[in-house]
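A.B. asks: This structure is in structure tokens; I'll ask about it shortly.
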Amino acid sequence: MSWVVLYLCFLFYARAMIEEWPATKLNTDTTLMHKSNMYSKADTPAGTGESQISIIANVSITLSKDSKASLIVLLYEASVLPHITDKNGRITCCGGCPGIQNSRPDEYFMQKINESENPEYPPFNVTKTGTYTLLFLPCEYNASIDNITIGGICSWKNPYGYLPGSIYMLLPIYGGFAIFYLVLLIFLFDTYNYIP
């Protein structure tokens, strides 16, 4: 019976890749919000739906008098990383991220925010299977005198549902256990005439 409960909990988690984060004050380092494995519609092991990443952000920017701080919203596939990092492995997109032009447009999304707003971006369609990362990158930002706060919702939907690609292959295993225990339960109830 414990496997049935575990499988039901696993199914709940499979539909729980809608992430909501509370208002968070950024520090001077890059803030990593989330990373997930995504399948393209062409490569999916199951399902016929769209593969999309949706972002709704709530951004509050309060700056000191002469500050030019801003926030970059960056969503990218792992193959883009070499084009947006310097030789020390740090992401360098505050100056415009020129290396990103070497990547395909369907591998990344980037937007600069200069003032408080509540952007609701169109869904990012995943056309390439891979690991996608969502970053909020503060630029020219001094955390002691400036204030950038961000909150919002992000949903990561594969063609078969909201289960991350990295654990999708476990679903048939837990499904098999659930079916096995269900058959065993019916057999035991029938054998011992326990069914009311």
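Just so it is clear, none of the values below were taken in a lab; they were calculated from the coordinates. The model shown is predicted, which means the values in this text are computed figures rather than measured ones. Cβ: placed from backbone, ideal geometry, glycine included. Neighbour counts: every protein chain shown.
A.B. asks: Of Tyr174, Tyr121, how do they rank once you tally other Cβ atoms within 10 Å and put the fewest first?
C.D. replies: Lowest to highest Cβ neighbour count: Tyr121, Tyr174.
A.B. asks: Now for a separate question. Once you have a ≥ b ≥ c as the square roots of the Cα gyration tensor eigenvalues for segment 53-161, tell me rounded if a/c is under 1.5, and otherwise prolate or oblate according to whether a/b is larger than b/c.
C.D. replies: Oblate is the answer for segment 53-161, as a/c is 1.5 or above yet b/c matches or exceeds a/b.
A.B. asks: Where is the GNM fluctuation largest for the chain (alpha-carbon springs, 10 angstrom cutoff): Tyr39, Tyr168, Tyr132?
C.D. replies: Result for the chain, Cα springs under 10 Å: Tyr168 fluctuates most.
A.B. asks: For segment 39-105, take the alpha-carbon Rg, divide it by the Kirkwood Rh, and send me Rg/Rh.
C.D. replies: 1.09
A.B. asks: Which of Met38, Met110 comes first, and how do the rest follow, when ranked by fewest Cβ neighbours within 10 Å?
C.D. replies: Fewest-to-most Cβ neighbours within 10 Å comes out as Met110, Met38.
A.B. asks: For the chain, set up a GNM with springs between Cα atoms under 10 Å and report which of Ile18, Ile186, Ile84 has the largest fluctuation.
C.D. replies: Result: Ile186 has the largest fluctuation of those listed.
A.B. asks: If you rank Lys112, Lys25, Lys65 by fewest surrounding Cβ atoms within 10 Å, what's the result?
C.D. replies: Lys65, Lys25, Lys112
A.B. asks: Give the cross-link partners of Lys112 among the lysines, using a straight C-alpha distance below 17 Å as the criterion and excluding same-chain residues fewer than 8 apart.
C.D. replies: Within the straight-line cut-off, Lys112 pairs with Lys68.
A.B. asks: Right, something else. Any lysines with Cα under 22 Å of the Lys128 Cα? List them, leaving off those in the same chain fewer than 8 positions away.
C.D. replies: Lys35, Lys41, Lys157
A.B. asks: Normalised by the number of residues in the chain, what is the relative contact order in percent for Cα pairs under 8 Å and 6+ residues apart?
C.D. replies: 43
A.B. asks: Can you tell me which aspartates and glutamates have their Cα less than 12 Å from the Cα of Lys65? Leave out same-chain residues fewer than eight positions away.
C.D. replies: Leaving aside aspartates and glutamates fewer than 8 places away in the same chain, those within reach of Lys65 are Asp146.
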